[in-house]
Amino acid sequence: MKSKIKSLQQLKKIVKLIKYQHKSIVLANGCFDLLHVGHIRYLEGGKKLGDVLVVAINDDHSIKQVKDAKRPIMPGRARAEIVAALAAVDYVVLFREKTVENVIKALRPDIQVKGTDYTRQSVPERESVKACGGKVAITGDKKEHATKDLIQRILQKNKGKI
């Protein structure tokens, strides 16, 4: 599965070849810190919308900016390997920035997917995707799963001790 994990520069070349073959690129992104069923449904839904699913994962530095200093639970490389092991996922790239904007500009996906905690109008990168000729789609099930909720349940069940 490690062969699915690429740098942005490597992936840019791969995507160019894929597009030359008239195949569509779907981009999903997130932290994927403690993988749960909501993540699986989101990614599988994204894969159904195109030929190749690329997953951009926030690296450790990025998660600290987006979430808090106590996160991530798992280091970026481990999260990338876990996501890469999923059948629906074709490629994985880690990104350092607070948003996925640079990945969008580099790969110019046909579709960017977000989970159901967004609407097409509320996707932060919507304008960047449109500027690259792509569109935004919402996939997955109703937002009933969250890593922070899993962490809270683990702490509550163990009274803060593990």
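Only the coordinates and a few stated rules stand behind these numbers; no lab work does. Here the structure is a predicted model, which is why all the values come from computation and not from measurement. Every residue, glycine as well, gets a Cβ built from its backbone with ideal geometry; the counts of neighbours run over all protein chains shown.
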Legend entry - Taking only Cα atoms of segment 48-95, radius of gyration then Dmax in Å: 11.9, 36
Inset, instruction - Taking the Cβ of Cys132 as the centre, find all other residues whose Cβ is under 12 Å away and add up their charges (Lys, Arg: +1; Asp, Glu: -1). - result: +2
Inset, instruction - Sort the following peptides by mean Cβ neighbour count (other Cβ atoms within 10 Å, averaged over residues), highest first: 49-56, 87-94. - result: 49-56, 87-94
Inset, instruction - Could you grab the relative contact order for the chain? Cα pairs under 8 Å, six or more apart, rounded to a whole percent. - result: 27
Inset, instruction - Compute the length gained on full extension between Ile73 and Tyr20: take 0.36 nm times their separation in residues and subtract their Cα-Cα distance, giving the result in nm to one decimal. - result: 15.2 nm
Inset, instruction - Within 10 Å of each residue's Cβ, count the other Cβ atoms and sort Ile57, Ile14 from fewest upward. - result: Ile14, Ile57
Legend entry - Choice from Leu17, Leu43, Leu35 showing the highest fluctuation, given a GNM over the chain with Cα pairs closer than 10 Å: Leu17
Inset, instruction - Quickly estimate the mean residue ellipticity at 222 nm for the chain, helices only: each DSSP H run with n ≥ 4 gives -39500 (n - 2.57), and the total goes over all residues, rounded to 500. - result: -11000 deg cm²/dmol
Legend entry - Euclidean distance between Cα centres, segment 1-68 to segment 97-133, Å: 12
